[in-house]
Amino acid sequence: MPRWLRILVIGRNPKVTLVRAAVLVVICVLGYHFNALRHIRVEGISMLPTYQDGSAHFVSAVPYWLHEPRRGDVVSIRLAGIHVMYLKRIIGLPGETVAFVNGKVLINGEVLDEPYEKLSSDWTLPPEKLGPDEYFVVGDNRSMPAENHTFGKVERDRIVGKTIQ
Amino acid sequence: MKNVSSFVLLAALVALGVWLWFVLSPRPEKIIRQRLTNLARTASFSSGEGNLAKLAAVENVAAYFATNVEVDINVPGRVQHTLMGRTEIQQAALGARERLSGLKIQLPDINLTVAPDKQSAVADVTVDVSIGGERDSIVQEMKFTFQKTADGWLISRVETVRTLSSAILNFAPYRAPFIVTA
């Protein structure tokens, strides 16, 4: 093997290259196992216009190693596992009361400012109090009938990670 | 050299024994996963199925369930069924095959817990259902309870899991309009 090719493939110091490769493998395995970065493909229209049907993104649990989920975060929510998940936006935090009045979200009776909400909505739903470990999640596309839209309370341990644009 | 050869041969024999043991006496987890996967495959169908094939498939689907099974499927706005016993399951399965142009059931996630006495198990399952002619699939989390019987592991109860719960939304979840696939 020519020297330049050998350097290209295994580096100047094979032992160091081996250690680097081992570290990289460990990082990849741990990253996958702990959902540090996971590729996702969106299906459906409930997060329009923010996330298009068929678009590809990444989800990461790393932000939630540092802090708890925040209002406005777009998160993936596991069902029985993580191969198919819901993608929703957090609008209500633990302990808050969430309601919908003529398409506006009320948090503890105050209107929530939602700059991401571009499509008109007429949803009116009575207030609901969240438990100490519950978040309220909903899609951005509330122009669709509420009965066609999957949303509601979710427990913290179902939130896998935050979507990276 | 002779010692090394003997050691390699012994290791190979042990590996073969372990492999045979797993093949001949599979763990309950493996059996139940296989049964769920086979059930999904058996319950799926495409258009153009003959009457005899329909009846045979319906019989096969029912065989996965205990005679006194309870099935409570509640996907508000979409499906609300409570079935009791194999006969009602057969009727429902036949009705689906008569009405729908096709059905594809997939189980992308199976989360299984076997009881310590190995006589029962609970499977938390993500069910992905595509109906022929419809663009969006229905994704729903379901819980299957298994009992070990003389006929093997049979499903004794099926119930809907509300992943996103809401007292104000008796109709949610309906379709899975927004899912992601990792």
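The values are calculated or read from the model by the stated rules, or taken from the named source; none is laboratory data. If you're wondering where the values come from, they're calculated on a predicted model, not measured in any experiment. All Cβ positions, glycine included, derive from the backbone under ideal geometry; neighbour counts span all protein chains shown.
Taking A:H33, is it loosely packed, with under 14 Cβ neighbours inside 10 Å and either more than 21 Å from A:E147 (Cα to Cα) or not assigned by TED's automatic domain parsing to the domain that holds A:F136 (or both)?
Yes.
Quick check on the stretch A:83-96: of everything there that is within 11 Å of another protein chain (Cβ to nearest Cβ) and assigned to a strand (DSSP E or B), which residue is nearest to A:E128 (Cα to Cα)?
Result: A:G92.
I'd like to know if the stretch B:140-150 contains one or more residues that are within 14 Å of chain A (Cβ to nearest Cβ), without any contact (Cβ under 8 Å) to a residue 60 or more places away in the chain and not in a strand (DSSP E or B).
Among the residues of the stretch B:140-150, not one is within 14 Å of chain A (Cβ to nearest Cβ), without any contact (Cβ under 8 Å) to a residue 60 or more places away in the chain and not in a strand (DSSP E or B), which makes the answer no.
Every residue, every condition in (1) touching a helix residue (DSSP H, G or I) at 6+ places or on another chain (Cβ under 7 Å); (2) farther than 26 Å from B:T160 by Cβ; (3) among the acidic types (D, E), yes or no:
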site: A:L5; (1), (2), (3): no, yes, no
site: A:F34; (1), (2), (3): no, yes, no
site: A:V42; (1), (2), (3): no, no, no
site: A:T50; (1), (2), (3): no, yes, no
site: A:A61; (1), (2), (3): no, yes, no
site: A:G92; (1), (2), (3): no, no, no
site: A:T97; (1), (2), (3): no, yes, no
site: A:V101; (1), (2), (3): no, yes, no
site: A:D113; (1), (2), (3): no, yes, yes
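Have a look at A:E114, A:E128 and point out the one that is acidic (D, E), over 17 Å from the mean Cα position of the chain (by Cα) and in a strand (DSSP E or B).
Numbers: A:E114 fails: in a strand (DSSP E or B).
One residue alone meets the criteria, A:E128.
When the residues of the stretch A:59-72 are filtered to those that are more than 10 Å from chain B (Cβ to nearest Cβ) and closer than 16 Å to A:L37 by Cβ, which remaining residue is surrounded by the fewest Cβ atoms within 10 Å (Cβ to Cβ)?
Looking only at the stretch A:59-72, we keep the residues that are more than 10 Å from chain B (Cβ to nearest Cβ), and these are A:60-72.
Within this subset, residues satisfying the condition of being closer than 16 Å to A:L37 by Cβ are A:60-66.
Values: A:S60: 19, A:A61: 18, A:V62: 14, A:P63: 15, A:Y64: 18, A:W65: 10, A:L66: 6.
Taking the candidates together, the pick is A:L66.
Count, please, the residues in the stretch A:1-47 that happen to be in a loop (DSSP other than H, G, I, E, B) and at pLDDT 90 or above. Quick ask: steps written out before the conclusion?
Taking the stretch A:1-47 as the starting set, the residues that turn out to be in a loop (DSSP other than H, G, I, E, B) are A:1-2, A:11-13, A:34-37, A:44-47.
From what is left, the residues that are at pLDDT 90 or above are A:47.
Final tally of qualifying residues: 1.
Within the stretch B:75-103, can you find the residues that are surrounded by fewer than 18 Cβ atoms within 10 Å (Cβ to Cβ) and within 14 Å of chain A (Cβ to nearest Cβ)?
Selection gives B:P76, B:G77, B:R78, B:V79, B:Q80.
For the stretch A:119-165, give me each residue that is under 20 Å from A:A80 (Cβ atoms), β-branched (V, I, T) and in contact with a strand residue (DSSP E or B) (Cβ under 6 Å, 6 or more places away or on another chain).
Within the stretch A:119-165, A:V137, A:V154, A:I159, A:V160 qualify.
Sort through A:A80, A:A56 and tell me the only one that's at pLDDT below 95 and either more than 15 Å from the chain's Cα centre (by Cα) or within 10 Å of chain B (Cβ to nearest Cβ) (or both). Working first, answer last.
Numbers: A:A80 fails: at pLDDT below 95.
Selected residue: A:A56, the only one of A:A80, A:A56 that is at pLDDT below 95 and either more than 15 Å from the chain's Cα centre (by Cα) or within 10 Å of chain B (Cβ to nearest Cβ) (or both).
Given the structure, is A:V75 without any contact (Cβ under 8 Å) to a residue 12 or more places away in the chain, within 12 Å of chain B (Cβ to nearest Cβ) and surrounded by 19 or more Cβ atoms within 10 Å (Cβ to Cβ)?
Considered against the rule, which asks whether it is without any contact (Cβ under 8 Å) to a residue 12 or more places away in the chain, within 12 Å of chain B (Cβ to nearest Cβ) and surrounded by 19 or more Cβ atoms within 10 Å (Cβ to Cβ), A:V75 comes out as no.
This table checks each residue for (1) out of contact with any strand residue (DSSP E or B) (no Cβ under 8 Å at 6 or more places or on another chain); (2) more than 25 Å from B:A121 (Cα to Cα); (3) among the small types (G, A, S).
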site	(1), (2), (3)
B:V14	yes, yes, no
B:A40	no, no, yes
B:E59	yes, no, no
B:A63	yes, no, yes
B:N68	no, no, no
B:V71	no, no, no
B:G85	no, no, yes
B:R99	yes, yes, no
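Residue-wise test of (1) more than 29 Å from B:T126 (Cα to Cα); (2) touching a Ser or Thr at 6+ places or on another chain (Cβ under 8 Å); (3) at the interface with another protein chain (Cβ under 9 Å from one of its Cβ atoms); (4) at pLDDT below 95.
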site	(1), (2), (3), (4)
A:S120	yes, yes, no, yes
A:L125	no, no, yes, yes
A:Y135	no, no, no, no
A:R142	no, yes, no, yes
A:H149	no, yes, yes, yes
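A:I45: aliphatic (A, V, I, L, M) and within 19 Å of A:R142 (Cα to Cα), yes or no?
Answer is yes for this residue.
Which fully enclosed strands (runs of 3 or more DSSP E) of the stretch B:25-136 have 1 or more residues being touching a Ser or Thr at 6+ places or on another chain (Cβ under 8 Å) and of a type in the set (A, V, I, L, M, F, W, C)?
Those strands (runs of 3 or more DSSP E) span B:65-75, B:103-114, B:120-131.
Scan the stretch A:45-73 for residues that are touching an Asp or Glu at 6+ places or on another chain (Cβ under 6 Å) and not aliphatic (A, V, I, L, M) and report the count.
Residues that pass the stated criteria total 1.
Could you check B:E134 against (1) within 14 Å of chain A (Cβ to nearest Cβ); (2) in contact with a Gly (Cβ under 7 Å, 6 or more places away or on another chain); (3) modelled with pLDDT under 90 and say which number it fails?
(2)
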